[in-house]
1. From the list Asn180, Asn185, Asn173, exactly one residue is open to solvent by less than 20 Å² (accessible area, probe 1.4 Å) and either closer than 30 Å to Asp127 by Cβ or of a type outside the set (Phe, Trp, Tyr) (or both). Which is it?
2. Consider the stretch 297-341. How many of its residues are open to solvent by 50 Å² or more (accessible area, probe 1.4 Å), closer than 25 Å to Asn362 by Cβ and among the hydrophobic types (A, V, I, L, M, F, W, C)?
3. Arg302 passes all but one of (1) more than 25 Å from Pro425 (Cα to Cα); (2) in contact (Cβ under 8 Å) with a residue 24 or more places away in the chain; which number fails?
4. Restricting attention to the stretch 407-446, report how many residues are within 30 Å of Ser330 (Cβ to Cβ) and of a type in the set (Gly, Ala, Ser).
5. For the stretch 267-295, give me the residue count where each residue is open to solvent by 50 Å² or more (accessible area, probe 1.4 Å), at pLDDT 95 or above and either in contact with a helix residue (DSSP H, G or I) (Cβ under 7 Å, 6 or more places away or on another chain) or among the polar types (S, T, N, Q) (or both).
6. Do we find a residue being part of a loop (DSSP other than H, G, I, E, B) and in contact with an Asp or Glu (Cβ under 8 Å, 6 or more places away or on another chain) anywhere in the stretch 275-282?
7. Out of everything in the stretch 129-144 that is open to solvent by 100 Å² or more (accessible area, probe 1.4 Å) and not hydrophobic (A, V, I, L, M, F, W, C), what residue ends up being nearest to the chain's Cα centre (by Cα)?
8. I need every pair where a residue in the stretch 205-232 that is free of Cβ contacts under 8 Å to residues at least 24 places away in the same chain and closer than 27 Å to Ile98 by Cβ has its Cβ under 8 Å from the Cβ of a residue that is surrounded by 14 or more Cβ atoms within 10 Å (Cβ to Cβ) and among the small types (Gly, Ala, Ser), sequence separation at least 6 or different chains.
Amino acid sequence: GFGSLMQDVLWCFSQVKGTIDIGVTEADIISTVEFNHTGELLATGDKGGRVVIFQREQESKNQPHRRGEYNVYSTFQSHEPEFDYLKSLEIEEKINKIRWLPQQNAAYFLLSTNDKTVKLWKVSERDKRPEGYNLKDEDGRLRDPSMITMLRVPVLRPMDLMVEATPRRVFANAHTYHINSISVNSDYETYMSADDLRINLWNFEITNQSFNIVDIKPANMEELTEVITAAEFHPHHCNTFVYSSSKGTIRLCDMRTAALCDRHAKFFEEPEDPSNRSFFSEIISSISDVKFSHSGRYIMTRDYLTVKVWDLNMENRPIETYQVHDYLRSKLCSLYENDCIFDKFECVWNGSDSVIMTGSYNNFFRMFDRNTKRDVTLEASRENSKPRAILKPRKVCVGGKRRKDEISVDSLDFSKKILHTAWHPSENIIAVAATNNLYIFQDKVN
């Protein structure tokens, strides 16, 4: 499936609705992308606090070659801008993360979070409405009781399908710093939220209290040397989770050992190569994302230049290291000056843990096949996303001589960056967020 995934572009969505692209407003920039557990739904969150859910169309018998496209299913405002009067701080509405809960009934549930507040949303369908009330008329106005002479039995009448999103729980006031991760536990009763210095454990039924399970805040803030950058629960063991740090380390914690997991069970760190030491070493070693494999055997981490795969049974070094854009090593100075060196790229596994994907600049994204060790650079752009067009691998040249199909490292556009991607849980369908556009690619239909 890996080779064929490079083949076919089926759809390109733009979150800017309408045919005229009137430029990107800040609010339209996509800030998170997430498939649900079946892959039937795909959610995006943006800087304007909106959540857009796409649903995969059922395959039709008369058009079997058109495999289910994703169309807009529901759009709702999840978070609004707020102001913290005690601290004189504006709280952005930007959605930092979305996490789906496994479907238990006809409705769907998802968690979304901005910097401070996590919300549990219920997304449900309505295609019937009750009619024939006794105490009020069809418009909802109360009737005069003296005019009611007979008892009516209300009936359900069919109506046009409506998709409603309703907030079921609001988990607030538990984070002093910005929330960077939420992760649903495999027991489906609890989830955690992580900020720069603390990780909290929540029960889905209880909104007014959470348990602090990690606290790395020093007594004197001047002694602060690292922050938490990402955290995730193990996919099968509800007592185990990992979190990564700005120092490039990963800690695996076991909640069975103590209520406060300040003492990790395992500590993953690669010794630094002294020959690579530079002014930027600490910045580029900061981990921006950590993900368990579906099997639960491996963890993948993304730092500025590489993706690493770690075996849970080996702490002293990763078993695989993939160079995402090594040609930027000589450009770190200018990337520091334009703040790009602080960009937080995410990484994802495919459904079988055999291929990993992560983003880069110039709207490029990278895929690495763990079995064949092949890798490819692909581009998400309006120009190359005609339906069923074949995605051509891109090459970046570093030296002086440039072949005609290569792009020079000096002409890369650093304002076009792919930070957020998602992979369908069982099929070769990927979602790639490029600023305000969402691209959905799938492998070639034979």
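1. One residue alone meets the criteria, Asn185.
2. Within the stretch 297-341, residues that are open to solvent by 50 Å² or more (accessible area, probe 1.4 Å), closer than 25 Å to Asn362 by Cβ and among the hydrophobic types (A, V, I, L, M, F, W, C) number 1.
3. (1)
4. Residues flagged as within 30 Å of Ser330 (Cβ to Cβ) and of a type in the set (Gly, Ala, Ser) within the stretch 407-446 amount to 5.
5. Residues flagged as open to solvent by 50 Å² or more (accessible area, probe 1.4 Å), at pLDDT 95 or above and either in contact with a helix residue (DSSP H, G or I) (Cβ under 7 Å, 6 or more places away or on another chain) or among the polar types (S, T, N, Q) (or both) within the stretch 267-295 amount to 1.
6. Scanning the stretch 275-282, I find no residue that is part of a loop (DSSP other than H, G, I, E, B) and in contact with an Asp or Glu (Cβ under 8 Å, 6 or more places away or on another chain), so the answer is no.
7. Arg129
8. Note: pairs meeting the criteria are Glu226/Ser245; Glu226/Ser246.
The values are calculated or read from the model by the stated rules, or taken from the named source; none is laboratory data. This is a predicted model, so every value here is computed, not measured. Don't worry about glycine lacking a Cβ; one is built from the backbone with ideal geometry, like all the others, and counts go over all protein chains shown. Calculation scope for accessible area: heavy atoms of the full protein, side chains included, ligands and nucleic acids excluded. Shrake-Rupley method; radii C 1.70, N 1.55, O 1.52, S 1.80 Å.
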